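The values are calculated or read from the model by the stated rules, or taken from the named source; none is laboratory data. Quick caveat: nothing in here was measured; it's all calculated off a predicted structure. Quick reminder, even Gly has a Cβ in these numbers, built from the backbone with ideal geometry, and neighbours come from all protein chains shown. Surface areas here come from the heavy atoms of the whole protein model, side chains and all, with no ligands, DNA or RNA. Shrake-Rupley method; radii C 1.70, N 1.55, O 1.52, S 1.80 Å.
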Amino acid sequence: MKDVVIVGAGPVGMFTALQLAQRGLTVDVYERWGTFYPLPRACGVDHENIRQLQGLGLMEELAPFLEPVIGPDMTYQFKDADFETLLQIDWNRPGASGWAQVNQFYQPDFEGVMLRRLQATPNVNVHYNRQLVGLEQDVNHVALEFVDPENPGSRFRAEARYVIGADGARSTTRELLGQKYIDLGFAYDWLVVDVIPHEQREWKPYVMQYLNPDRPTTLVGSGPGRRRWEFMRLPGETIEQLNTAEMAWELLARWDITPESATLERHTVYTFRGSWVDQWKHGRVMLAGDAAHLMPPFLAQGLCAGMRDGLALSWRLGAVLVDGASEDLLESYGPERREHVVEIIRQAVEVGRLICMIDPEEVAARDARMKAAMKDPALGLKPPPEPRLGYAGAFRHEDAGSGCLSFQGRVGRNGREGLFDDVVGKGWQLLMRGQGGGSLGRASTSFLDQLGAAVADFGPGGDTEDMDGTYGDWFDRLGVDAVLVRPDLYVFGSSSIAGVDALVAAAQKVMALPAREPARVGQAG
């Protein structure tokens, strides 16, 4: 019996499998289709996701396939029908995680890197042509039944201690659990067109929402050497009329994209929605990615949210199955992630309602409001939110910064320089500005050692140099001198130096790890 079965071998399923495998778990991944999907869908991830991938050791191989949105002309602008700027969102800056705020990619290349790593990972197996048709569970395990879609009479069974349903918007896992989406009533059809321009062109702005009521249109980079256009379906227009190569070329022509100047790689129609399920965990089965939530693409956060789900599950399952943590830790997964993603969904839908507007009077009022906001930034839309997690007991709620995304800066230690996770370590992290190891009692030191935590002191005479002032600025903003970060990069809690032992003790209570047996006389360790 495997530790975990993942249903779905898309990017969220593969990413989660790698995270689980890194923690020493055995994982089987089941995919209904017969092969790796060769065409793009998502086209961007943010700084947080890049740090997650950094933790998997994938960045050297991924780097050639990423297009970081950094530079004076790499902006995200909303334009009216006359191409006057209505709004500019500032993505042109480093993110809190030490990487570019937004990074565009070509999904088959992105997934190919993860697939190659999975194939080289001995404790992971990927099974294709396996459609989930049945699921039963008891207090100790989950039994699943699959069929080969090309041979419906076939039957395959699998067992695991836990199951993750990452099988997309049409999730069979979700259906078998009887879960339905909570929907915000936002549903618009858009033609998505991926092209490869034959010659390099400078795109200004790099991302554009063209708010022309005659045909709302999105222009965005989709990885090195590629561009994507998205065209909203208009009233009276059928999907069949819209979803043709001829219509795609007709709509691309106004942007000087023709069969002579570009290759049309793909065209398809998606319905952009804003929805989520209320319950993400049912016994030993959990939902992740589009199986748990959907959002329109206007903030480029769909895949980002799914990868957050995967890491949120992986560190918990590793703690339970490898370290012996209480299974109660898993109960916080859904409430934390649901509240976090719902805030992002609501803002994406808010942006989507502005973009999808076609009534002339409403458009005129919208444009007037947005032009006024350009003169007063306080009135404008903000970059994609980085909300606080929903509270369910897995962080110390009253602390400054708790439940929020942590920072990663450049550090120096023992002659090495680089990003913190590479130089000092990932996983649990205790960051201090104080007295170093002398600030910790024996119980704290023992528990942090049991967690394999990375501990750093940025204070005078400390063991780690804050090379760009990232951590000092962060501590100052929070009004603290110590921060404890969970393996999913979110803050467990913060304190003064005098309160560090109590902070660590709070984490120990949440994790409920079994006590270590004392070493025998003469035994190493």
Q. Just a yes or no: is a residue in segment 428-439 out of contact with any helix residue (DSSP H, G or I) (no Cβ under 8 Å at 6 or more places or on another chain), surrounded by 17 or more Cβ atoms within 10 Å (Cβ to Cβ) and either farther than 12 Å from ALA482 by Cβ or not small (Gly, Ala, Ser) (or both)?
A. no
Q. Within segment 368-378, can one find any residue that is modelled with pLDDT of 95 or more, surrounded by 15 or more Cβ atoms within 10 Å (Cβ to Cβ), out of contact with any Ser or Thr (no Cβ under 9 Å at 6 or more places or on another chain) and assigned to a helix (DSSP H, G or I)?
A. no
Q) Just wondering, is there one or more residues in segment 214-227 that are within 16 Å of TRP190 (Cβ to Cβ) and part of a helix (DSSP H, G or I)? A) no
(Q) Being without any contact (Cβ under 8 Å) to a residue 60 or more places away in the chain, of a type outside the set (S, T, N, Q), more than 26 Å from GLY418 (Cα to Cα) and assigned to a helix (DSSP H, G or I) is the filter here; which residues of segment 78-125 pass it? (A) ARG116
Q. How many of the residues in segment 153-179 are more than 21 Å from the chain's Cα centre (by Cα) and within 27 Å of ALA17 (Cβ to Cβ)?
A. 15
Q) Regarding ASN123, is this residue open to solvent by less than 50 Å² (accessible area, probe 1.4 Å) and more than 14 Å from ILE6 (Cβ to Cβ)? A) no
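Name every residue in segment 49-61 that is of a type outside the set (Gly, Ala, Ser) and over 16 Å from the mean Cα position of the chain (by Cα), in order of residue number. Explain how you work it out, then say what you get.
Residues of segment 49-61 that are of a type outside the set (Gly, Ala, Ser), as a first pass: 49-54, 56, 58-61.
GLU60, GLU61 - these are the residues of segment 49-61 that are of a type outside the set (Gly, Ala, Ser) and over 16 Å from the mean Cα position of the chain (by Cα).
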Q) Do we have any residue at all in segment 387-401 that's surrounded by 19 or more Cβ atoms within 10 Å (Cβ to Cβ) and in contact with a Leu (Cβ under 6 Å, 6 or more places away or on another chain)? A) yes
Q) How many residues are polar (S, T, N, Q) and open to solvent by less than 10 Å² (accessible area, probe 1.4 Å) when one looks only at segment 76-103? A) 2
Q.
Name the residue that is nearest to LEU299 (Cα to Cα), counting only residues in segment 11-44 that are modelled with pLDDT under 95 and under 18 Å from the mean Cα position of the chain (by Cα).
A. GLY44
**Q.** Residue count, segment 137-161 (criterion: surrounded by 15 or more Cβ atoms within 10 Å (Cβ to Cβ) and among the basic types (Lys, Arg))
**A.** 1
Q) Do we find that ALA305 is open to solvent by less than 30 Å² (accessible area, probe 1.4 Å), touching a residue at least 40 places away in the same chain (Cβ under 8 Å), in contact with a helix residue (DSSP H, G or I) (Cβ under 9 Å, 6 or more places away or on another chain) and at negative phi in this structure? A) no
(Q) Quick check on segment 162-199: of everything there that is part of a helix (DSSP H, G or I) and hydroxyl-bearing (Ser, Thr, Tyr), which residue is most open to solvent (accessible area, probe 1.4 Å)? (A) THR172
Q. Can you tell me which residues in segment 200-254 are open to solvent by 70 Å² or more (accessible area, probe 1.4 Å), farther than 18 Å from LEU66 by Cα and in contact (Cβ under 8 Å) with a residue 40 or more places away in the chain?
A. LYS204, ASP214, ARG233, PRO235
**Q.** The lone exception for GLY134 - which of (1) surrounded by fewer than 15 Cβ atoms within 10 Å (Cβ to Cβ); (2) touching a residue at least 40 places away in the same chain (Cβ under 8 Å); (3) at positive phi it fails
**A.** (3)
Q: Scan segment 487-501 and report the pairs whose first residue is closer than 17 Å to ARG477 by Cβ and whose second residue is part of a strand (DSSP E or B) and open to solvent by 10 Å² or more (accessible area, probe 1.4 Å), with Cβ atoms within less than 8 Å and a gap of 6+ or a chain change.
A: TYR490/LEU405; VAL491/LEU405
Q. ASP73 fails exactly one of the following numbered conditions: (1) closer than 24 Å to ILE50 by Cα; (2) touching a residue at least 60 places away in the same chain (Cβ under 8 Å); (3) crowded, with 16+ Cβ neighbours inside 10 Å. What is the number of that condition?
A. (3)
Q. Hey, among ALA166, ALA245, ALA160, which residue is modelled with pLDDT of 95 or more and touching a Gly at 6+ places or on another chain (Cβ under 6 Å)?
A. ALA166
